[in-house]
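This report refers to the structure that appears directly beneath it.
Bear in mind these aren't lab numbers, they're just calculated from the coordinates by the rules spelled out. This one's a predicted model, so the numbers in the text were calculated from it and none came from an experiment. So basically every Cβ, Gly included, is an ideal-geometry build from the backbone, and we count neighbours across all protein chains shown.
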């Protein structure tokens, strides 16, 4: 029993330090307003990149919203990267006014499709920066105007991401909570204190010169976090631009969500295997951003450690607490902690607590469904990327 108590004490201490590491920054950032980037007369020339595989149903909405932006029309170009489509994605994109990049290479991930686009457009002299979207997005009319301010100031930037369909189901609403939490507890405070935010899938921008000078070839199935890691390793800061708004389409049913999060989680495991040592090596040399990124990369191991701690906790508590009572106490603590943090994130990002009550209350269930995904991914060595279908044409 003494050995179990000692192990439990070590686990508790490690998890406490891990939580405090992020908690301190979150508390610092909560009372602070979002960073406002200064007005500028400079107008970067953007190449808007949209990787697309069988996105006929939604591609037109995104292209239309991009063409309706208030940014000078001669300062951006819209490229749909057609990737082995078997539907009429290319025809739909052309009909709505996009340019086409036909990627016929044997690509296994979105990151490889983007690499094709970067290589194809490298000799385009007018392009100053790239912006990346998913095909099911739409954007706010002021997106490029606000992103331009950020990209003039910083070499890379992540936009504010909200859902087109967040209120469609509890699953979709939990995605809203997930991104609100990432913005509230990481992207916002890191940008406020001059560190680096995280790229989270869509609505992000990076200067062309950074792509040309650095090494940004994706090796994993989650190119967004891998680019975040590569930026950290190459001392390229990422800003969080809360006024550039991307509207995303979330998964509405649990089955599709599980498949999508399986892909995300496997990508995290890949990044853990490939980059964690490099991140900590540079962190020990004084890179605070690499330390931040390495700690984010330890999220899955920390969840695993939490599960082990809960199991060991019952061994210690079984002498004065029955199993049903212990389970109820753990569930109550989990539900309160995760729902309360979800409430703070939704409130901080002004999404509307009443509108997103389903996501706030169901957030613990959403996280719990991640556990079997995480355990499975630790034992896999490969996973083939498959696009998530978007059967509805939402605006």
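Put simply, when 198-204, 367-373, 328-334 are sorted by average Cβ atoms within 10 angstrom per residue, most first, you get 198-204, 367-373, 328-334. Over all pairs of different C-alpha atoms, the chain has a mean inverse distance whose reciprocal, the Kirkwood radius, equals 22.0 Å. Looking at the chain alone, DSSP beta bridges between its own residues are antiparallel in about 25 percent of cases. An ellipsoid equivalent to the stretch 253-303, defined through the eigenvalues of its Cα gyration tensor, has semi-axes of 27, 10, 8 Å when rounded to whole angstrom and sorted largest first.
Could you compute the FRET efficiency for residue 104 and residue 340, with r as their C-beta to C-beta distance and R0 at 45 Å, rounded to 0.05?
Values: r = 50 Å, r/R0 = 1.10.
Efficiency, rounded to the nearest 0.05: 0.35.
With a ≥ b ≥ c taken as the square roots of the eigenvalues of the C-alpha gyration tensor of the stretch 92-205, please select rounded if a/c is under 1.5 and otherwise prolate if a/b is larger than b/c or oblate if it is not? Each step should come with its number before you reach the end.
Working: a/c = 1.79, a/b = 1.28, b/c = 1.41.
Judged from the Cα gyration tensor, the stretch 92-205 comes out oblate (a/c at least 1.5, b/c at or above a/b).
Taking each pair of different alpha-carbon atoms in the stretch 279-380 once, compute 1/r for the pair, average those values, and report the inverse of that mean as the Kirkwood hydrodynamic radius in Å to one decimal. Please list the in-between numbers first.
Values: mean 1/r = 0.0613 Å⁻¹.
Over the stretch 279-380, the inverse of the mean reciprocal pair distance is 16.3 Å.
GNM on the chain, alpha-carbon springs under 10 angstrom: the most fluctuating residue among 225, 185, 340 is 340. Between residue 235 and residue 310, the simple label model (points 7 Å from Cα in the Cβ direction) yields a spacing of 4.3 nm.
With a simple spin-label model that places each label point 7 Å from the Cα along the Cα-to-Cβ direction, the separation between residue 329 and residue 5 comes to 1.5 nm.
If you take the alpha carbon radius of gyration of the stretch 209-287 and divide it by 2.2 N^0.38 Å, what ratio comes out, to two decimals? Present the calculation step by step, with values, prior to reporting the outcome.
Values: Rg = 15.2 Å, N = 79, 2.2 N^0.38 = 11.6 Å.
Its radius of gyration relative to the 2.2 N^0.38 Å reference: 1.31.
Separation of the stretch 72-111 from the stretch 188-231 is 22 Å, based on Cα centroids.
Could you give the length gained on full extension between residue 273 and residue 123, defined as 0.36 nm per residue of separation minus the Cα-Cα distance, in nm?
Working: separation 150, 0.36 × 150 = 54.00 nm, distance 3.42 nm.
Here the answer is 50.6 nm.
Please compute, over every Cα-Cα pair in the stretch 36-106, the percentage with a separation greater than 22 angstrom. Within the stretch 36-106, distances greater than 22 Å cover 28 percent of Cα pairs.
Can you tell me the 0 to 90 degree angle between the C-alpha axis of helix 2-29 and the longest principal axis of the chain, rounded to 10? Compared with the principal axis, the helix lies near 40 degrees.
Taking the chain as a Gaussian network, where each spring joins two C-alpha atoms under 10 Å apart, which residue of 43, 207, 273 fluctuates the most? Result: 273 has the largest fluctuation of those listed. Axis of helix 110-120 versus longest Cα principal axis of the chain: the two differ by about 30°, to the nearest ten degrees. Distance from the Cα centre of the stretch 301-346 to that of the stretch 261-299, in angstrom? Spelled out, the Cα-based centre of one part sits 26 Å from the other.
Semi-axes of the equivalent ellipsoid for the stretch 156-208, computed as √(5λ) from the eigenvalues of its C-alpha gyration tensor and ordered from largest down, come to 23, 14, 6 Å. If you plug the beta carbon distance of residue 33 and residue 219 into 1/(1 + (r/R0)^6) with R0 = 41 Å, you get a FRET efficiency near 0.65.
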